Every structure is written in structure tokens, then in C-alpha cells.
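**Student:** Structure below; questions to follow.
The values are calculated or read from the model by the stated rules, or taken from the named source; none is laboratory data. In this text, all values refer to a predicted model and were calculated from it rather than measured experimentally. Cβ sites come from the backbone with ideal geometry, for glycine too, and all protein chains shown count toward neighbours.
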Amino acid sequence: MKRLVLLGGGHAHLHVLQALAREPLAGAQAVLITPHGHLSYSGMVPGVVAGHYAPEQARIPLAPLCAAAHVTLVQGQAVALDAAQRLVTLSDGRVAEYDVLSLDVGGAQDRDALPGAREHALFVRPIETLVSVLDRLREQASRRALDVVVAGAGAAGFELALALAWGLAHLTRPGDGSSRVALVTGGTQPLAGYPTAVVAQGLKALARHKVTLFREACTAVEPGALVLASGARLACDVPVIATGVGPPAWLGASGLALDERGFVSTGPTLQSTSHPEVLAAGDVASRWDAPHPRSGVHAVRAGPPLALNLRRFIGAGQLQAYTPQRRTLNLLSCGERRAIMAWGDWVAEGRWAWWWKDRIDRAFIRRFAPPDPVA
């Protein structure tokens, strides 16, 4: 009996669990190891922050999916991987042995890259921690105006800044003023890497919500302030770090082949280029043959081929090559019920785009939701 370990409860592994529920995996015992009992769907998190969704509306419970797939659910945090010995070590000392390993753990933020951030800032990863402090943040904003500063030039920083601006705008009492939100982009335009038309629409949205833009780097976080490269100090009650993610630190000593940034190097079949019994998808993986942005869209798309190739590898079948889409639909939330939609060079913004995004996101949640109990 082969041992399959699914490490991480990410978007791609949702498809693996569903595939195993439809057709059990012969000749293998499977376990899912993840720190949380649910997946917070990243596409809906800005809507949760803005107040359009309750946190539970953006969560997919993993226990029912595992039960249907006959997969053992183990809640735990991986701290080490030994690819030579085929061992995964958890933070509580437990060890999981595997014959086949599938990695979908997402990326991680370096909490020590910015002095003072670990002690004084809120990080967007893990998402579950960010969502858990929302009620406390709203309670504070209902008593007095807050200065909130988001650091990050990408989509996460942009969407969070607007979601916070919208969600906190009407919470303070009359006469106390409104909470203020600023976005620090590290010396670039917001939405770095996006087409010029998307950036233009993004700047309009930031201006509409009175989000103050600072195009310089943040060099440190202090109690009550963010320090900028110019030496200026931004008053800040709530610093939010939304900078890019890197690989989990434990990958460095895993023995797996890694790319120049430390992510798992994979090929067309999603297998590790050094250890064929290890497959990876989502933010933790890097395709040497088909580089693409790290996004939820690509993680979701990689789910079905990952499920197929895990089954074929265990059954000694021929694995199938997977080619990521060169063009994807991008939908960016703009705080209120508006969104920017981009498909290649085509860009538009409006309430209808948010409606379309809302429809897609809710459909994704429903797809993996547990069935209603029988009355």
C-alpha cells in the first residue's frame, strides 16, 4: 500500500480531493496535512475585508472533502522536508512518511525582511490570520479614526487598501472623522506588472476612495509609524504588509531542486525536476518550461492535471503534460461593489465587473461546499 501525502490545503488540492471522492485511489492511503481546517478563498478576501461577505462565506471546510475522498485530515504545520528520506516533519514533532508527495502549501512572507514588522505589523499571509483580526479592527475603528497603511505594490496591496478604505469609512462616530488609508508601493506604481490601462483604472479607484499613495519604499515599522526611504514617518495605527511572497523557509534544506528564488522547480507533468515522486502546484511551484505569474487562477487550473498525474504516478501510468494558459482573466476588487476586469489588452471597470467576479467566486465556493444535511 503506497502512502500519498498531500501537504497543504491549497486551491489545487481541492480538485485532488474532489477527484478522489469521485474515484477512490486504489492501492494507496492518502493524508492531507494542513495548518487549518478550512481554506480561505483568496479571491473573496478583499470582499470580506470590505464587508461584502462574512468570513464563513469565503471559507471551504476541508473535513467534509477529506471524508468524501477517504483521505485522513491532519492539522499541523510543516517545518521540515527530507526528500531523500521521504519524510515531512511537523511543528509538534510528528513525522509523516510518504511514497508520493504533493505540495500545495502556497508561498510565505518573510517576517524579518522589514525591521520591526514581525513585532508591529499585520501580514496578509496566512490569510486566516488576516481575516481573524478583522472584527477587532472594525471595533477599534468604530470608536476612533484609524490610520491604516498598506505596504505592497501588487494586486494584494491594491485590493486590500481599497477594501479597508471602503470597509472602515463609515464606522467612526460623527465628529470623530473617518479612518485614513495609505498605500506604500516601494517606489513603483501600484499594480506593478499590470498593463498600463489597468494601472490607470487602479489610480482612479484609489483617488475615488481617497487612498493616499506613496511611491517610495518602506524601510522599517515602528510603534505607531512606518518609516519611508526618504526618512519620513507615516503615522500608522495598523500597518499591513502585502509585499510579495517567497517560498517556505524549510524548502531550502529539503534536497529538492529549487529555482533561483527557492521555489520548487517542476516540469510539464508538475513533477519535481529532481525527485519524480514529488509533485507541486500553486505558489510553491515554479515551472522551468512555462513560467507564469503566481496567482489563484493558475493554482486552480493546475488542480485537475495534478489530480490526474498523482493517480497515474501511483498506478504506474503515463503522466500527462500540462500547459498553463498564456492569457488569464484578471478581476480586481475596487473596495465598493466595483471591479477592474482585464483580458489581455482589453480592460474595463464598473459595477457589472464586480457582479461578474462575485458570480465566479460564489460558484467556486459552492463547487466545494459540503452538501446540506438531510432533514
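**Student:** In the list Ala281, Ala299, Ala348, Ala339, which residue meets the criterion of being crowded, with 16+ Cβ neighbours inside 10 Å and farther than 21 Å from Ala19 by Cα?
**Tutor:** Details: Ala281 fails: farther than 21 Å from Ala19 by Cα; Ala299 fails: farther than 21 Å from Ala19 by Cα; Ala348 fails: crowded, with 16+ Cβ neighbours inside 10 Å.
Testing whether each residue is crowded, with 16+ Cβ neighbours inside 10 Å and farther than 21 Å from Ala19 by Cα leaves just Ala339.
**Student:** Return yes or no: is Pro55 within 16 Å of the chain's Cα centre (by Cα), surrounded by fewer than 22 Cβ atoms within 10 Å (Cβ to Cβ) and not aliphatic (A, V, I, L, M)?
**Tutor:** Spelling it out, Pro55 is indeed within 16 Å of the chain's Cα centre (by Cα), surrounded by fewer than 22 Cβ atoms within 10 Å (Cβ to Cβ) and not aliphatic (A, V, I, L, M).
**Student:** Here's a follow-up. Condition first: assigned to a helix (DSSP H, G or I) and under 16 Å from the mean Cα position of the chain (by Cα). Now tell me which residues in the range 134-160 satisfy that. Spell out the reasoning first.
**Tutor:** The initial filter retains those residues of the range 134-160 that are assigned to a helix (DSSP H, G or I), namely 134-143, 155-160.
Result: Ala155, Ala156, Gly157, Phe158, Glu159, Leu160.
Residue-wise test of (1) acidic (Asp, Glu); (2) modelled with pLDDT of 85 or more; (3) within 18 Å of the chain's Cα centre (by Cα).
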{"position": "Ser333", "(1), (2), (3)": "no, yes, yes"}
{"position": "Met341", "(1), (2), (3)": "no, yes, no"}
{"position": "Asp345", "(1), (2), (3)": "yes, no, no"}
{"position": "Gly350", "(1), (2), (3)": "no, yes, no"}
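**Student:** I'd like the residue in the range 267-284 that is modelled with pLDDT under 95 and closer than 17 Å to Tyr98 by Cβ and, out of all such residues, is farthest from the chain's Cα centre (by Cα).
**Tutor:** Looking at residues that are modelled with pLDDT under 95 and closer than 17 Å to Tyr98 by Cβ, I get Ala281.
**Student:** State whether one or more residues within the range 236-255 are closer than 26 Å to Leu168 by Cβ, of a type in the set (Gly, Ala, Ser) and surrounded by fewer than 22 Cβ atoms within 10 Å (Cβ to Cβ).
**Tutor:** yes
**Student:** Which of the residues that make up the range 6-49 are modelled with pLDDT of 90 or more and on the phi > 0 side of the Ramachandran plot?
**Tutor:** Answer for the range 6-49, where residues must be modelled with pLDDT of 90 or more and on the phi > 0 side of the Ramachandran plot: just Gly8.
**Student:** Evaluate the following for Arg367: is it surrounded by fewer than 18 Cβ atoms within 10 Å (Cβ to Cβ) and farther than 21 Å from Asp104 by Cα?
**Tutor:** Spelling it out, it is not the case that Arg367 is surrounded by fewer than 18 Cβ atoms within 10 Å (Cβ to Cβ) and farther than 21 Å from Asp104 by Cα.
**Student:** Let me ask something else. Only one of Thr328, Thr273, Thr323, Thr266 is closer than 30 Å to Leu164 by Cβ and not small (Gly, Ala, Ser). Can you tell me which?
**Tutor:** On the way: Thr273 fails: closer than 30 Å to Leu164 by Cβ; Thr323 fails: closer than 30 Å to Leu164 by Cβ; Thr266 fails: closer than 30 Å to Leu164 by Cβ.
Only one candidate qualifies: Thr328.
**Student:** Count, please, the residues in the range 314-332 that happen to be among the polar types (S, T, N, Q) and touching a Lys or Arg at 6+ places or on another chain (Cβ under 9 Å).
**Tutor:** Going through the range 314-332 one residue at a time, the tally reaches 4.
**Student:** Could you check how many residues of the range 75-118 are surrounded by fewer than 20 Cβ atoms within 10 Å (Cβ to Cβ), touching a Lys or Arg at 6+ places or on another chain (Cβ under 7 Å) and of a type in the set (Gly, Ala, Ser)?
**Tutor:** Looking only at that region, the number is 3.
**Student:** Quick check on the range 319-327. Is at least one of its residues more than 24 Å from Asp283 (Cα to Cα) and more than 18 Å from the chain's Cα centre (by Cα)?
**Tutor:** Looking through the range 319-327, none of the residues is more than 24 Å from Asp283 (Cα to Cα) and more than 18 Å from the chain's Cα centre (by Cα).
**Student:** Taking Ile360, is it within 19 Å of Ala200 (Cβ to Cβ) and either among the hydrophobic types (A, V, I, L, M, F, W, C) or assigned by TED's automatic domain parsing to the domain that holds Ala26 (or both)?
**Tutor:** When the stated conditions are applied, Ile360 does not pass them.
**Student:** Also, quick follow-up: Looking at Arg359, Arg261, Arg312, Arg367 in this structure, which one is under 30 Å from Met1 (Cα atoms) and out of contact with any His (no Cβ under 9 Å at 6 or more places or on another chain)?
**Tutor:** One residue alone meets the criteria, Arg312.
**Student:** For the range 66-133, please list each of the strands (runs of 3 or more DSSP E) lying entirely inside it that holds at least 2 residues being β-branched (Val, Ile, Thr) and without any contact (Cβ under 8 Å) to a residue 60 or more places away in the chain.
**Tutor:** 72-75
**Student:** Quick check: is even one residue across the range 140-150 free of Cβ contacts under 8 Å to residues at least 60 places away in the same chain, more than 17 Å from His36 (Cβ to Cβ), touching a helix residue (DSSP H, G or I) at 6+ places or on another chain (Cβ under 7 Å) and surrounded by 22 or more Cβ atoms within 10 Å (Cβ to Cβ)?
**Tutor:** yes
**Student:** Working carefully through the options Thr328, Thr323, find the one that is more than 24 Å from Ser40 (Cα to Cα) and in contact (Cβ under 8 Å) with a residue 12 or more places away in the chain.
**Tutor:** On the way: Thr328 fails: more than 24 Å from Ser40 (Cα to Cα).
The unique qualifying residue is Thr323.
**Student:** With the requirement that a residue be polar (S, T, N, Q) and closer than 20 Å to Ala153 by Cβ, what does the range 210-260 give you?
**Tutor:** Of the residues in the range 210-260, the ones polar (S, T, N, Q) are 212, 219, 230, 243, 254.
Within the range 210-260, Thr212, Thr219, Ser230, Thr243 meet the criteria.
**Student:** Another question, if that's okay. Of all residues in the range 181-210, which are surrounded by fewer than 20 Cβ atoms within 10 Å (Cβ to Cβ) and assigned to a helix (DSSP H, G or I)?
**Tutor:** Scanning the range 181-210 gives Thr196, Ala197, Val199, Ala200, Leu203, Lys204, Ala207, Arg208.
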